[in-house]
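Take a look at the structure below.
The values are calculated or read from the model by the stated rules, or taken from the named source; none is laboratory data. Everything numeric here is computed off the predicted structure, so don't read it as measured data. Reconstructed Cβ throughout: ideal geometry from the backbone, glycine too, with neighbour counts over all protein chains shown. Heavy atoms of the whole protein, side chains included, go into the accessibility calculation; ligands, DNA and RNA do not. Shrake-Rupley method; radii C 1.70, N 1.55, O 1.52, S 1.80 Å.
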Amino acid sequence: MTQIGFRLSDSSNQIDMPQAPLPDGVDLGQIAAALRRQRWVIVLSVAVAVLFGMVFMATTPKLYLAGSTVLVGSSVNRAVAEVTTLNDGTRSEAVLESEVQVIRSQRIALAVVDALALHQSERFLSRPTSLLGRSMGAFRQAILFPIKALQDMVSGAEVAQTAPATPSQQDIDAAMRLQAAELLQSGLHVSRSGRSTVFSINFISHDAGLSALIANAYAEAYVADLLNANFEATELATQWLQTRLDELQAASEQAARDAEQFRAENGLLTAGRALLSESSVVQLNAELSVALAETARISGLLASYDRLVARGPEAFVASGAAGFSASDDPRIAAVRDLLAALTQRLAQIEQSFGPDHAQAGLVRDQIAVQTDALFGELLRLQGIAQSDLAVSESRVAALRDSIALAQDENSVEGEALVQLRALEQREATMTALYQTFLARFQEINQQKTFPVSNVRILSRASPPGGAFSPRTSRVLAMMIVLGLIIGACIGVVREYRDRFLRTGEDVQRYLGAQFLGYLPRFTVQESPPTPATIVFRARDAERPRPAGAPQRLGQVTATLQAVSFPRSHFAETLRNTWLTAEVALAGRDRRVIGFTSVRPGEGKTTAAANFAALLATSGQKVVLIDADPRRPGLTRSLGIRRGPGLVEVVLGKCDWRKALRNHKASGLHILPCLSPPQMAFSSELLGTQSMRALVDDLALHYDVVVLDLSPLGPVVDAKAALPMIDRVVLVAEWGKTPRALLRATLALETAVQARLLGVLLNRVDMQALPAYTVTASAEHYLEDYVDYFEGNPDQPARGAA
């Protein structure tokens, strides 16, 4: 595998510790490997989510959606819009959005409640709730219960003093109507189709038939509400126009009277709008004759008007306006024609629908209005006739007097004529404005008789054939997605918390050290090769020998994995370690190699013993020293209980040759350590000159000296023995040793860095190992090398068990 993140200096063996690596980009291979590792977590999360979705569907009542569509016209009543400037004939976006709020309003909801009597319908009011809703409600009640109890305790005295009033039946019905309206609004959904004026009115209910019934009722209530709104707007416009007409009529009559009065007071007589002069006396005499005739005519006309007025409006209309001629006045003729048409329409309505029909009442109201208008015109003409008579009489008198006074009053009459023309102009303006408003009033009054709505129902709702919610496919899809998300989140957390050494790439990336290989996890074999079989377990636990087995001093019969299975992956990794050591120690006479770990129980003793035994079987002269006086795990694992050992040799009590043990199967020589319990001077023992002399002497007699050191960290025994060691092999347990702990330990132990040969990953789960590597890595193809490791293609790699 590629080695990255470290270098060996020319002058020393110190390893430059790399900084925490930063990814250059998204590594799809690493992501795929993480997904493989966490696949069962994701599958379990999806399964739980799908199960929850199935429970949700089984406990949630079905909901049905029914909808109707309505088309809103471009404007309201055209005549009213022109008078009141309600709109400009087009619907803006704001107006259309306002229509949506109108449909959702409480007014429409109450109209639907009243139309269907929903406040008295158990079918509508008793809505089923889901298990989730009941659970949330119970949780909310549990949260609010202590708060409500505290409020009741605080306000208990005040409530006791004031007895609650008993609500009336009317109050109860009003409250139920409001409650039903709120339920309607909660199930109503109004949407607009694109940018058109078509609105979809949808209602969701637990009853399919009820949802269609309510959707149709909403459409009808909206149409009726808009019809009433148009009628109310027309009625308001009519009232406003009626008031304005009365004001304009009074103002027009007052302007006419003011003009005639001014003319009479100033004695203004005109002929072709020119003032009289002395040269026009003859003309004035002729005009005097005409004025006298006009006075007589006006007197007769005024007398006929007086008789008609005295009879009253009802008799005047009932007689068909007999004795009244309005051929010279087109306005009066138009009113009479309209009155005749209304009278004929009233007769038709009464004949078809009866006198009590609503339209008949509206027509009668119009006839009364037109009657008042016609009689008002009669009164106006009477007033004009009176004014004309007074003017005519004044004119006769003025003509008689003006002949003599024409020259003296010529200049004064010129100024008065200007004022008279102003008064006459005002009279004409008021009369024209009055006629305009009168025509508009008549038009609106006619349209009020035929109210038209600008909204129509395009389609009505029908009971839906299937449930709108919950949909099985949608719920399952959502649950699957939710399960994937939750599983991915859990996987990310697990990956984040998995900060242990897993692969050789981890060793090189995070420690910058040489990776020596994987030591697979193995178990006790079913058929032990020797009667007294001792195999190193996961934590170097001691396996006692069978009772009565012979123990010869100097002979060790323990079974070592690398010796029993020399072609296993386990043994091959140790061979790679020795090959790396040979390269690193090339050209040196002595080869002293120490095995250590960061934490106790990581398998350093097993690795050291099998490494030394494997070298011994290959023909090397190897001695293995148990250099962990505080916890001599190697000695206990080999079953050595008595005899001299390392402590006695270092203290000079025994020669090292007499303290050696021989491993029968491999020919390995072992120097055990039978230290007394609670040994307190182990570090001083390992750091003495005698210990160094011992190692030097052994290095002269053996090809390789292997030391099983104590763990690094708080224990200083390994540090004391480092000066006499050429290379250190660091053993780390796969998936158990934290990367940060190794980095921190190596950063503090510079002596270990200087002598570090590499790192062995022990107790590796070879079946799970490929999940922590990318597809292109060598770990994915380890199964292809089973024949090379075991030599029997029909059996699995027992060394990887």
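Between rounded, prolate and oblate, where does region 665-740 land on the alpha carbon gyration tensor, with a ≥ b ≥ c its root eigenvalues, rounded for a/c under 1.5, else prolate if a/b exceeds b/c? Judged from the Cα gyration tensor, region 665-740 comes out oblate (a/c at least 1.5, b/c at or above a/b).
With a 1.4 Å probe and all protein chains left in place, how much of the accessible area of region 671-746 comes from carbon and sulfur atoms, in whole percent? Carbon and sulfur: 60 percent of the exposed surface of region 671-746. A 1.4 Å probe, protein heavy atoms only, puts the accessible area of LEU501 near 0 Å².
By accessible area of protein heavy atoms, probe 1.4 Å, what ranking do TRP240, TRP578, TRP40 get, highest first?
Ranked from most to least accessible, the order is TRP40, TRP240, TRP578.
Please report the base-10 log of the normalised intensity I(q)/I(0) for region 636-791, using a Debye sum with one equal scatterer per alpha carbon and no solvent, at each q in 0.13, 0.20, 0.21 (1/Å). The Cα Debye sum returns log10 ratios of -0.81, -1.33, -1.39.
For CYS489, the accessible area of its heavy atoms, probed at 1.4 Å with every protein chain present, is near 70 square angstrom. Accessible area ranking (1.4 Å probe, heavy atoms, ligands and nucleic acids excluded), largest first, for LYS719, LYS736: LYS736, LYS719.
In this calculation the C-beta distance from PHE56 to ALA744 is compared with R0 = 51 Å, giving a FRET efficiency of 0.55.
Please list 171-179, 31-39, 593-601 highest first by mean number of surrounding beta-carbon atoms within 10 Å per residue. Walk me through the intermediate numbers first.
On the way: 171-179: 13.6, 31-39: 16.2, 593-601: 23.3.
With the highest mean Cβ count within 10 Å placed first, the list reads 593-601, 31-39, 171-179.
Can you sort SER473, SER135, SER392, SER105 by 1.4 Å-probe accessible area, starting with the largest? Could the numbers behind the result be given before it?
Numbers: SER473 90, SER135 60, SER392 5, SER105 35 Å².
Putting SER473, SER135, SER392, SER105 in descending order of accessible area: SER473, SER135, SER105, SER392.
Quote to one decimal, in nm, the extra length available between ASP589 and GLU314 on full extension: 0.36 nm per residue of separation minus the C-alpha distance between them. Kindly include the intermediate steps, with their values, before the conclusion.
On the way: separation 275, 0.36 × 275 = 99.00 nm, distance 14.62 nm.
84.4 nm is the gain from fully extending ASP589 to GLU314.
Here the extension length gained between LEU35 and VAL95 equals 16.2 nm, from 0.36 nm per residue of separation less the Cα-Cα distance.
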